[in-house]
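Working notes, structure below.
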Amino acid sequence: MMRNLALCLLLAVLPAVSARAAEDQAAAPPWKAGVASAVITPQIPLRMAGYAGRKDPAEGTEQDLFAKALAIEDADGNRVVILSMDLIGVIDRLRTAVAEQVEQKYQLPPEALLMNASHTHCGPAYGRDEAKDYFDSLTVTLVDLVGKAIEQIQPASLSYCRARCGFAMNRRTPTANGYRNHPNPDGPVDHTVPVLRVAGAGGELRAMLFGYTCHNTTMGFLRWLGDYAGYAQEYFEKDHPGATAMFLMGCSADQNPYPRSELDYAKKHGRSLATAVEAALEVGQRTPLHQRPLAGPLRCVLEMVNLESATPNRPDCAYPVQIIRFGDGLAIVALGQEVVVDYALRLKRELAEEGGPAIWVAGYSNSYDDYIASARVLEEGGYEAQCCPWKPTLEERIVGKVHELHNRLGNTSAKPSAEGSK
Ligand SMILES: [Zn+2]
């Protein structure tokens, strides 16, 4: 009798247990994510990157420079690592060294590594000969950082939301003889603040990746500084203890922060951007329509496109185009070098589709040599066109490659490939 009762109880309990297990499984976050950060402020006085006029080395630190890594893994074990850095750009030597080592050490292929620089002009000129020791230690730090982020991987949920922030202004002003570098309130801008929110299994905020499209150049003095992007991350992290804030620079070649040239403005712009990130989160909570929970699969692709030089004394350029796609929720398009805002506006317009992923376009990713003007800017002239003369075919080549890769990733039966990396 007792045994029968026990059996009955067991039978009664079993379906409930397995139903709960199934429920737990269904409720398990669809992703895993890990995040890590490291200070990369030079400990020796190096030259500053960005403005050729500053010949003297840095005189001190206003704010530490950081590198931060976010590792994301989908339910099938596909991984991507996004590496953000308070540096002028991702020069080829750095990209190659880090990409090779993380592939060797962590089996992370180049197409699954996005390296983005905040383009602060108060960071080190780390490609110069006298900065070799710093370059070497930076490489070690970045490779370790990728490993730490992967080590930290644990269940997570991801969502995308966005807001706006207004301090970026177009800096190309038409004159009688062309264009000059001067604030133009009527020029094209992209004020979107895209946000990737990473929460832990209990819903707690773990990381926040956000973007903005504006030169990170409120300041150009002789002190290390992350500028507005550095302050935005610092303020957000202070307001959300335990969470890591990361910045992804957009297509900012012709965008400047205004007002500028006073440290207080860098702080104010940083506060504005951090507040915009908060706004994106609140919009997402209040209007689920504007918060996209992301599901897999995670798919990455990186290919090169050849840009033709318009002058014989300058070589053509193998230009990297990378896309990271989070199912049908979000596609991050990461373009190399200093790209004008036309690319972000055009790609977002052309790739928008009903029920398709949100499109987030970053510049300053995986390579850093030249300005990448659009066909319009090349025709108009001015600094962004004259400093780096490309044949006007470049816009169609880059945009065409993005379409090709985007279509390929959208078709889940096609397998993405990587032709190469930088
Ligand atoms: Zn620049």
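Alpha carbon centre of segment 292-309 versus segment 332-410: separation in Å?
13 Å
Remind me, what semi-axes does segment 51-106 give for its equivalent ellipsoid, largest first in whole Å, using sqrt of 5 times each Cα gyration tensor eigenvalue?
Value: 31, 15, 9 Å, ordered largest first.
So for the chain, taking the charge dipole from beta-carbon charges (+1 Lys/Arg, -1 Asp/Glu), which of LEU281, PRO124, PRO194 sits furthest toward the positive end?
LEU281
Give the span of segment 325-386's Cα atoms along each principal axis, as three whole-Å numbers ordered largest to smallest.
40, 23, 10
Using Cα pairs closer than 8 Å and at least 6 residues apart in sequence, work out the relative contact order for segment 249-347, in percent.
Relative contact order, segment 249-347: 31 percent.
Divide the volume of the convex hull of the Cα atoms of segment 287-337 by its number of residues and quote the answer in cubic angstrom per residue.
Cα-based convex hull of segment 287-337, divided per residue, equals 89 Å³.
With angles folded into 0 to 90 degrees, how steeply does helix 341-351 sit against the dominant principal axis of the chain? Use alpha carbons for both and round to 10.
Long axis of 341-351 versus the principal axis of the chain: about 40 degrees.
Please list the three semi-axes, largest first and in whole Å, of the ellipsoid equivalent to the chain, using sqrt of 5 times the eigenvalues of its alpha carbon gyration tensor.
40, 24, 22
So, counting K/R as plus one and D/E as minus one, what does the shell of residues with Cβ under 10 Å around VAL377 add up to?
Once positives and negatives cancel, what remains is -4.
Evaluate the charge dipole of the chain about its Cα centre and quote only its size in Debye, nearest 20, assuming +1 on the Cβ of each Lys and Arg and -1 on the Cβ of each Asp and Glu.
Computed about the Cα centre, the dipole is about 560 debye.
Calculate how steeply helix 394-410 sits against the longest principal axis of the alpha-carbon atoms of the chain, using the helix alpha-carbon long axis, and give the answer as 0 to 90 degrees to the nearest 10.
0 degrees
If I fit a long axis through the Cα atoms of helix 2-27 and take the longest principal axis of the Cα atoms of the chain, what angle between them do I get, 0 to 90°, rounded to 10?
Taking Cα atoms only, the helix is inclined about 10 degrees.
Return a single number: how many Lys pairs in segment 267-422, at a sequence separation of 8 or more or on separate chains, have alpha-carbon atoms below 25 angstrom apart.
So the count works out to 8.
Given the peptides 34-44, 307-317, arrange them by the average over their residues of other C-beta atoms within 10 Å, most packed first.
Ranked from most to least packed, the peptides come out as 34-44, 307-317.
Answer with one residue from PHE326, PHE135, TYR106: the one whose Cα lies farthest towards the positive end of the charge dipole of the chain, charges on Cβ with Lys, Arg +1 and Asp, Glu -1.
Ranked along the dipole, the leading option is PHE326.
Where does the chain land at 222 nm, in deg cm²/dmol rounded to the nearest 500, when only DSSP H runs of n ≥ 4 count, each adding -39500 (n - 2.57), divided by all residues?
Roughly -10500 deg cm²/dmol at 222 nm, from the helical runs in the chain.
Cα centroids of segment 194-245 and segment 40-75: how far apart, whole angstrom?
Using only Cα atoms, the two centres lie 15 Å from each other.
Bear in mind that the values in this text are calculations on the coordinates, not laboratory data. Quick caveat, the model's predicted, so the values are computed rather than measured. With ideal geometry, Cβ positions are generated from the backbone for all residues, glycine too; neighbour counts draw on all protein chains shown.
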